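The values are calculated or read from the model by the stated rules, or taken from the named source; none is laboratory data. As the structure is a prediction and not an experimental result, all values here were calculated from the model. Neighbour counts run over all protein chains shown; Cβ positions are idealised from the backbone, glycine included.
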Amino acid sequence: MSVGGNAGADVHHAGGLAVQQVGEGGCGVRDEGDTNGCVPRSAALGYLYRPDEVGDLGYDVLKTVTLTHAHPDAVMAALVFAIAVSHAVTGDTPRDALHTIRTALPHLVRLAGGGRTVAEAVLAHTAPRKGTASASTLVDHLEQAVGMGVKARSSAVAGIVLGLSDLAPQDLLPCLFRRQAQGDLDSVAAVCGALAGAFRPETIPAAWGAVIEQYNGISFNDIARGLHQVRTRASR
């Protein structure tokens, strides 16, 4: 697994950017990093890089995320998500993605300028549990353990953990939308559905895909062709 490439050159700059913004009051550690939008945005980058190109993937995720979200927690959430997507499109399992995240964690923390709590929460809550947890049990556990607010340590962690589970989205999403507490359930559902669909596309109902295509005004096949063209050019 490589963590080299362009990533090393800008680690200190990126970390300094995040620290500077904290110091200026732009975002504080207690904010836990708003993540609305910046996590799914890294999905395309996960497709463009192989799992062994963590350094280059991380560098581009950093540039993309910090256009709008400079908090280390938000950057880490996007890094973890992109690594998972990279493994999914390669045909690997969620366990492979978790292994990469665990192995590369020191590098990811340096790149993000922090965010260790986010990565460690994902690793902790995706750890194997005794018996088979139901969708409602896992959702209840995450709501109590990390919450489901508009934060990297809550909504992003919950969505990533649910997406990396082996539970069907058809079972998970109704449990999410039955939550009584306030939260960012649409973002949790989006991240969860994205990872579940990436690792197990057969679990996403065709009707769901049709609605998403209609909303976006572009088909999944057209998106895939566009990404493939970018990936092909990048490899030349």
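Among the residues of the stretch 77-94, none is identified as within 16 Å of Ala152 (Cβ to Cβ) and modelled with pLDDT under 95.
Quick one: is Leu227 closer than 23 Å to His87 by Cα and either among the polar types (S, T, N, Q) or at pLDDT 90 or above (or both)? Outline the logic, then answer.
Values: closer than 23 Å to His87 by Cα: yes; either among the polar types (S, T, N, Q) or at pLDDT 90 or above (or both): no.
It is false that Leu227 is closer than 23 Å to His87 by Cα and either among the polar types (S, T, N, Q) or at pLDDT 90 or above (or both).
As a summary of the residue check, Ala74 satisfies the conditions (1) under 24 Å from Gly149 (Cβ atoms); (2) at pLDDT below 80; (3) part of a helix (DSSP H, G or I) except for the one numbered (2).
Kindly evaluate Leu195 against the criterion of being more than 20 Å from Leu105 (Cβ to Cβ) and either in contact with a Leu (Cβ under 8 Å, 6 or more places away or on another chain) or at pLDDT below 85 (or both).
Details: more than 20 Å from Leu105 (Cβ to Cβ): no; either in contact with a Leu (Cβ under 8 Å, 6 or more places away or on another chain) or at pLDDT below 85 (or both): yes.
In short, no.
Only helices (runs of 4 or more DSSP H) whose full extent lies in the stretch 118-236 are considered here, and the ones with at least 2 residues that are in contact (Cβ under 8 Å) with a residue 12 or more places away in the chain and touching a Gly at 6+ places or on another chain (Cβ under 6 Å) are 185-199.
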